[in-house]
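Written out below as structure tokens is the structure these notes cover.
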Amino acid sequence: MIGFVEYLKLTDFPRYISFTGQDSKEIVRKANEHYKLAYTLGDQGKRTEAIAEYSQPIELFPLFYEAIDNRAFIYMELGKIREALRDFEQSLRVNPNGMAAFFSKGECLMKLGDLKAAKDIFQEGQTRFPEQRATFTKFLEQVRALQKNG
């Protein structure tokens, strides 16, 4: 039964709430409380503590893509690029149109040396997010330069 409940939590949150008899407003309130504390810790440079705190709202409310993104950004700051990439991919499963997560996924791939995958992301980003076309183009050019020199 535990596996089923976890499955519902990750795939059908409204049904999870109903099935477990929890109060959705209370879950969101607690998640927001942890999110605000994590944000403050990050601003104070307490990155390890912020990561732990961002994990709380994600555990409570797996659809909280802002918390996922912010945890990923801190992982990037710490040079934990694989962890950041994992979070950006999780964020995009929750919010497929998340420009920041999409772009940052490309950035992580570039830093990990997966230049073909990074190139694909930046090329797609040029049309998928036209308002950010210049940024995607800039990074696409960087990837191409790395491919030439590599």
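Annotations for the structure displayed:
- Exposure proxy order (Cβ contacts within 10 Å, fewest to most) of V28, V5: V5, V28
- Straight-line reach from K111: taking Cα to Cα under 19 Å and skipping same-chain neighbours fewer than 8 places apart, the lysines in range are K80, K119, K138, K148.
- The convex hull drawn around the Cα atoms of the stretch 1-138, when projected onto a plane and averaged over every direction, covers 9.3 nm².
- Centre separation in Å (Cα based) which lies between the stretch 101-150 and the stretch 68-84: 18 Å
- Between D12 and Q123, the simple label model (points 7 Å from Cα in the Cβ direction) yields a spacing of 3.9 nm.
- Kirkwood hydrodynamic radius (C-alpha pairs) into Stokes-Einstein, the stretch 102-150, 20 °C and 1.002 mPa s, D in µm²/s: 209 µm²/s
- Within the listed set R86, R15, R128, the Gaussian network model of the chain (springs between alpha-carbon atoms below 10 Å) gives the highest mean-square fluctuation for R15.
- Partner aspartates and glutamates for K105 [C-alpha distance under 20 Å; skip if fewer than 8 residues away on the same chain]: E66, D69, E77, E83, D87, E89, D114, D120, E124, E131, E141
- Cross-link partners of K36 among lysines, defined as those whose alpha carbon lies under 17 angstrom from its own and excluding same-chain residues fewer than eight positions apart: K25, K46.
- Counting other Cβ atoms within 10 Å as a rough exposure proxy, the listed residues S104, S55, S18 run S18, S55, S104 from fewest neighbours to most.
- Counting beta carbons within 10 Å around each of F4, F122, F19 and listing the fewest first gives the order F4, F19, F122.
A short reminder: the numbers here are calculations on the coordinates, not readings from a lab. Predicted, not measured: the structure shown is a model, and the values here were computed from it. For neighbour counting, all protein chains shown are included, and Cβ atoms are generated from backbone atoms with ideal geometry for every residue, glycine included.
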